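Heads up: the structure comes next, in structure tokens.
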Amino acid sequence: TAEDIGLAEVMASVIYGAATNARLEGSLDEARDLMAQAADSIADSAFGPQFWAISRSTQGLIEAEAGDLAAARVFHTEAIEVAMASNDSPVIAMVLVGIADLALRGGDPAEAARLLGAADAVRGSIDRSVPDVDRIEATARAALGDAGFSDAYAKGSGVTAAGALGASGLRPAA
């Protein structure tokens, strides 16, 4: 088990998985508590910035689903900052999906579609393994119609990893 191995990184990964499952099942308090545990367990570890970025993005997803868009914005801003520093395109793309969720929950389905397009452009391909993509796309498509969704999605197609921070629409704290 992860406890037997005793590495903070292993424990954090297991806890992160449990938190993601709890979030997807709608158990937001449990997901929030588990993500706090995961963050605590990696605070002084050798974990790379990728896990920190994904963890912060997940915390943003939790808060957005709970209705606290201000807290979600703080988490997503930190996530994109850390993801950009990692220079890891798939991680940057995953964080952009979280920001797309924030845009959608904030009432901007066109921005959500653009950010999904940006995520795919940064990643270099469509990735349906990210559990939130289908939900965000379906909701944005329902709001915009097929043509509107396609147009908004296409506006993100030129985004590169280097331009992802600007494309995110989030500004780091000064």
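Scanning region 68-118 for residues that are open to solvent by 20 Å² or more (accessible area, probe 1.4 Å) and of a type in the set (Asp, Glu) turns up ASP68, GLU78, GLU81, ASP88, ASP108, GLU111.
Among the residues of region 103-112, at least one is more than 30 Å from GLY48 (Cβ to Cβ), part of a helix (DSSP H, G or I), more than 14 Å from the chain's Cα centre (by Cα) and of a type in the set (A, V, I, L, M). I'm trying to understand the selection: among the residues of region 46-99, which are farther than 15 Å from SER168 by Cα and aromatic (Phe, Trp, Tyr)? PHE47, PHE51, TRP52 - these are the residues of region 46-99 that are farther than 15 Å from SER168 by Cα and aromatic (Phe, Trp, Tyr). The residues of region 119-148 that are under 14 Å from the mean Cα position of the chain (by Cα), exposed (fewer than 11 other Cβ atoms within 10 Å of the Cβ) and acidic (Asp, Glu) amount to a single one, ASP134.
Looking across region 15-67, just one residue is among the polar types (S, T, N, Q), open to solvent by 30 Å² or more (accessible area, probe 1.4 Å) and in contact (Cβ under 8 Å) with a residue 40 or more places away in the chain, and that is GLN50.
The values are calculated or read from the model by the stated rules, or taken from the named source; none is laboratory data. This one's a predicted model, so the numbers in the text were calculated from it and none came from an experiment. We place every Cβ from the backbone using ideal geometry, glycine too, and count neighbours over all the protein chains shown. Ligands, DNA and RNA are excluded from the accessible area calculation, which covers all protein heavy atoms including side chains. Shrake-Rupley method; radii C 1.70, N 1.55, O 1.52, S 1.80 Å.
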